[in-house]
1. Let me know the shape class of region 65-168, please: from the alpha-carbon gyration tensor, a ≥ b ≥ c as square roots of the eigenvalues, rounded when a/c is under 1.5, otherwise prolate if a/b is greater than b/c, or oblate.
2. I'd like the Karplus ³J(HN,Hα) series for region 28-36: coefficients 6.51, -1.76, 1.60, θ = phi - 60°, whole numbers in Hz, and an x wherever there's a Gly or Pro.
3. In whole Å, what three semi-axes, largest first, describe the equivalent ellipsoid of region 122-170 built from its Cα gyration tensor (square root of 5 times each eigenvalue)?
4. Could you state the angle between the C-alpha long axis of helix 111-121 and the longest principal axis of the C-alpha atoms of the chain, as a value from 0 to 90 degrees rounded to the nearest 10?
5. Return a whole-number percent for the relative contact order of the chain, with Cα pairs under 8 Å and 6 or more residues apart as the contact set.
6. Per DSSP helix of 4 or more residues, -39500 (n - 2.57); summed, then divided by the residues of the chain. What does that give at 222 nm, rounded to the nearest 500?
7. Would you tell me the accessible area of residue 84, worked out with a 1.4 angstrom probe on the heavy atoms of the protein chains, in Å² to the nearest 10?
8. Can you tell me the FRET efficiency between residue 28 and residue 128 if r is taken as the Cβ-Cβ distance and R0 is 45 Å, rounded to the nearest 0.05?
Amino acid sequence: MNAVVSTTPVVTLTRTINVWPLGLPVPEQGGIYIGITRGEPGQPEQHNFMATKDTKRVAYGNHGKRIPGADFTNDGLANHKALIAHGGSPIAQACAEFTDLGFSDFHLPSQAQMALAVINGREHLTKDSWYWTSTQYSPYLAWIQYSVGYQLFHHKGLEFLARPVRSIPV
């Protein structure tokens, strides 16, 4: 049996990426490092840092309205920008006005970002609490995340916490 062996490399790594310890505060990045989310098609992956504290409990807003551009599973910043541009989202506005560790560029996290917060930073979340994500499900519903792992969608008019997130490209 003759095997063919290629001497041409299949992959060449040409860049270095920063990696921080998961679930630990990184004050110079404004929060607790929760990991990397994949970019939406055509967009880069993102490092994500959740704030060290929650917002107050407020509604998602826009009950009965489908907000164009607020449907991304991974890209919380894109969802957040769509919610802010449309107006009428108390939770997105609370995250836009949020400051922590000297940073003020936080946004309402996506479904994927809140899942990372639970997986890699659960001990920093408020026990037995529900959190909004920026990912809407329908004109009447948006995704929420329980502090111990459950995700489901709920009425946009109800009040839950948010844990704002900062994202930087990988």
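The values are calculated or read from the model by the stated rules, or taken from the named source; none is laboratory data. Since the model is a prediction, treat every value here as computed from it, not as a measurement. Cβ atoms come from the backbone with ideal geometry, glycine included; neighbour counts cover every protein chain shown. Accessible surface is based on the protein model in full, side chains and every heavy atom, while ligands, DNA and RNA are left aside. Shrake-Rupley method; radii C 1.70, N 1.55, O 1.52, S 1.80 Å.
1. oblate
2. 6, 10, x, x, 9, 6, 10, x, 10
3. In descending order the semi-axes read 19, 16, 9 Å.
4. 80 degrees
5. 28 percent
6. The per-residue figure over the chain is -5000 deg cm²/dmol.
7. The value for residue 84 is about 70 Å².
8. Efficiency, from the Cβ-Cβ distance: 0.90.
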